[in-house]
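Please read the structure below before turning to the comments.
The values are calculated or read from the model by the stated rules, or taken from the named source; none is laboratory data. Only a predicted model underlies this, so the values are computations on that prediction, with no experimental measurement involved. Because the Cβ atoms are built from the backbone with ideal geometry, glycine has one as well, and the counts that use them run over all protein chains shown.
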Amino acid sequence: MNDIYRNVNIKPISIDDLPANPSTFNTSLKLLKDAKQICICHMGFRFDSYMGVCSHLCSYCYAAGQNARWLRNALNDIKIADLEDVKKQFQIALSTDKPSNNINIQCIRNRYPIRCGTQTDCFMIAEEKYGVTYRFIDEIMNYYHYPYLICTKNKMVADDKYMRLYEKGDGNCAFQFTLSTLNDKYLERIERGASTAKERLGAMKKLSNNGYRVICRISPYIPEYMDDLELLVKELSEHGCKHVISELLRVTPIINKIMIEETGYDVISLYKSKGVEMTGGYYRYPLKEKIEIQYHLKELCDKYGMTFATCGDEDPSFHTTTMCCGLEGLKNFENVPYCVYDTMFTIAKEKGVVTLDDMFEHYCADKSEFIKQWEKGYFVQVIMNVEYDKVNNVYRYTEKNNFTANKYHNGNQLTLF
C-alpha cells in the first residue's frame, strides 16, 4: 500500500502523444455484474471505446485513481476497443438463433440499451485520432438500430459529423452530460481536459433542439466547493436538459491524494470534519446532510421543469422518474432493466412487502446474481426503510430502521429524525 503515497500527478495528453498503432482490448462491451450494478443500476451494460487514463483528467475519476494506484503509464496503456469482437457478438445475438451462455449475447438479444463512456469518455481526445466511437455507432448501433446512451463531458459529441450519424439512427440514442457547476475556474482545476461549462451547455442545446433526450449528471457534487446550484439548474433547463441525476462524491485515499496534488481540495479532511469515517474503502458525505441537499436539488428541478433522481442513493422516495437515468418513455429504450432497487422500494412501499416474483415481472440481466444478493439481505444495506424477512424470503417496508427515519419537509429545511 505504500505506493499510494508516491507522486501520482497525471500530465495532460495531447493528440500527438497518442500512439500511431494502439493495441486493442476485447472487454470493451460488458455487463457489470457486481451487486451494485445488478441490483441498483439500470444501465449496467456498457461499452468503452478506449482504455487508459482519459484525457479529460478529472481528478476525482476512479479509473484514473486505479491507474495511479498501480503506477500504470497513461500513454502506453491507451488501447482501443476491438470492434470486430463486438461485431461478432452482435452478429451471433441478432443474426442467428444459436443458444449461448454468454451474458453479453443474452443482453443484446434482450436489446438491453448500452451505456457508452464509463471508464473513459468516449469523446475524449483519442476520438479525434482513432474515431472508434464514430465507428461503433455507425457500424454497429445504427446497423442493428440498437439503443445506446452516450455519457460525456465533451462538446465534440455535438459536432456536425456526429449529428449526421445520430440522425441515421432514428431515435436510438440519448445523451447524458456531466456538469456540476458553472464555475470554470473550478472546472479547470478538477476536470482539466474537459469542455467548459458553456461548451457543454451549447452541445446540450444543439442536441435537444434536434429532438434528442438530454440528461445531466450533477456529479460529483461537493456543496462546500460549489455555490451556484440554482443557477446551474436554471441554465440546464434553458439549454434543453429534461432530467437531472445527483451524486455526491465518495472518495478513496488515492483519489483524495490526486485531488490534493492537482486541485488543492482535501475532501477526506472535509468529510472527517463532519464526523465521517471510512466504510467499504470510501469516505462518503454524511447521509442526513446528503439527503437534505438532494431534496433541495429535487425542488429546484421541480421549479425549472425537469425530472430528478439520485444515482443509486439510499432514499429513492422523492425521485420523480421510474428510473434514475431518465430514459423512460423513449422509443427503443423499453428494455432497460427495472428489476432494481428503486422498483423494489416502490413495490415495498405500495404493498408493504415485495417478493422475488414481484421483481422478476421486470427484466433482470442476471437473475442468479440478483437472487444471491437478495438472499444476503443486500437491500437493507442500500435502501432506507426496508427490512429482510429471511424466513419468508421477502423484504418489508418499515419506518423503524435505525438506518434512517421519516422525512418531514417544511419550507427549505428537510429534517430527518
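One table, with the values for the structure above:
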quantity	calculated
Matching residues in the range 342-389 - criterion: being assigned to a strand (DSSP E or B) and more than 21 Å from Thr322 (Cα to Cα)	Glu387, Tyr388, Asp389
In the range 161-206, the residues that are more than 30 Å from Met226 (Cα to Cα) and either in contact with a Lys or Arg (Cβ under 6 Å, 6 or more places away or on another chain) or part of a strand (DSSP E or B) (or both)	Gly171, Cys173
Residue within the range 300-311 that is part of a loop (DSSP other than H, G, I, E, B), of a type in the set (Phe, Trp, Tyr) and assigned by TED's automatic domain parsing to the domain that holds Met141 present	yes
Residue, farthest from Met43 (Cα to Cα), within the range 332-356, restricted to residues that are of a type in the set (Ser, Thr, Tyr) and without any contact (Cβ under 8 Å) to a residue 40 or more places away in the chain	Thr355
Subset of the range 126-158 (residues that are crowded, with 17+ Cβ neighbours inside 10 Å and not in a helix (DSSP H, G or I))	Asn142, Tyr144, Tyr146, Pro147, Tyr148, Leu149, Ile150, Cys151, Thr152, Lys153, Asn154
From Arg189, Arg200, residue being touching a residue at least 24 places away in the same chain (Cβ under 8 Å) and crowded, with 22+ Cβ neighbours inside 10 Å	Arg200
Given (1) touching a residue at least 60 places away in the same chain (Cβ under 8 Å); (2) more than 26 Å from Met384 (Cα to Cα), number of the condition Ile293 does not satisfy	(2)
Condition check for Ser237: surrounded by fewer than 22 Cβ atoms within 10 Å (Cβ to Cβ), out of contact with any Ser or Thr (no Cβ under 6 Å at 6 or more places or on another chain) and at pLDDT 95 or above	yes
